[in-house]
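To start, the structure itself, in structure tokens.
The values are calculated or read from the model by the stated rules, or taken from the named source; none is laboratory data. Please read all numbers here as calculations on a predicted model, not as lab measurements. Methodologically, a virtual Cβ is constructed for each residue, glycine included, from the backbone with ideal geometry; neighbour enumeration extends over all protein chains shown. The protein model used for the area step is the full one, side chains on, heavy atoms only, and it has no ligands, DNA or RNA in it. Shrake-Rupley method; radii C 1.70, N 1.55, O 1.52, S 1.80 Å.
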Amino acid sequence: MRNWYFNLVLQDVISEEQSDALAQLAGFHDGRISLVESPERSWFTCSFEAETLTQAVADALARFKDFPGVLVRSVELDEIALEFNDMLTPAVARLPE
């Protein structure tokens, strides 16, 4: 088992009502998934322990069944996540010159 790092990008910005609902969902308060917001978008940074990245993403996505009206648009691995996941290679991401 290992920790996997990734982002779950939402289809829409979190509304006030959804933010209030999120505060009541225990599955989002264990330190493995954290909401990040900007005026243009909302996403969750995730750190889940699992055998594979696919299992880690599935575990994170399972939490959204109790979060009505919130849709995950994409799973993203930025440069930091690629590095933490030991996936940063020239074939995946351009290395700084």
Low-density loop cleavage sites - GluC sites (Glu not before Pro) in region 29-84, where at most 10 other Cβ are within 10 Å (DSSP): 40, 51
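Using a Förster radius of 22 Å, what is the FRET efficiency between residue 80 and residue 12 based on their Cβ-Cβ separation? Nearest 0.05, please. Present the calculation step by step, with values, prior to reporting the outcome.
On the way: r = 24 Å, r/R0 = 1.11.
Taking R0 as 22 Å, the efficiency between residue 80 and residue 12 is 0.35.
Heavy atoms only, 1.4 Å probe, whole protein assembly: order 14, 80 by accessible area, highest first.
80, 14
Quick check for you: with a 1.4 Å probe and neighbouring chains kept, what is the accessible area per residue of the chain, in Å²?
Details: 6330 Å² over 97 residues.
Per-residue accessible area for the chain comes out at 65 Å².
Taking N as the number of residues in region 1-48, what value does Rg over Cα atoms divided by 2.2 N^0.38 Å take? Can you show the working numbers first?
Values: Rg = 11.5 Å, N = 48, 2.2 N^0.38 = 9.6 Å.
Its radius of gyration relative to the 2.2 N^0.38 Å reference: 1.20.
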Heavy-atom accessible surface of the chain: percent carbon and sulfur, 1.4 Å: 52 percent
Net charge of Cβ neighbours under 14 Å - reference residue 46; Lys, Arg +1; Asp, Glu -1: -2
Of every Cα-Cα pair in the chain, the percent that sits beyond 24 Å: 25 percent
Helix 53-62 axis, angle to the chain major axis (alpha carbon atoms, nearest 10°): 10 degrees
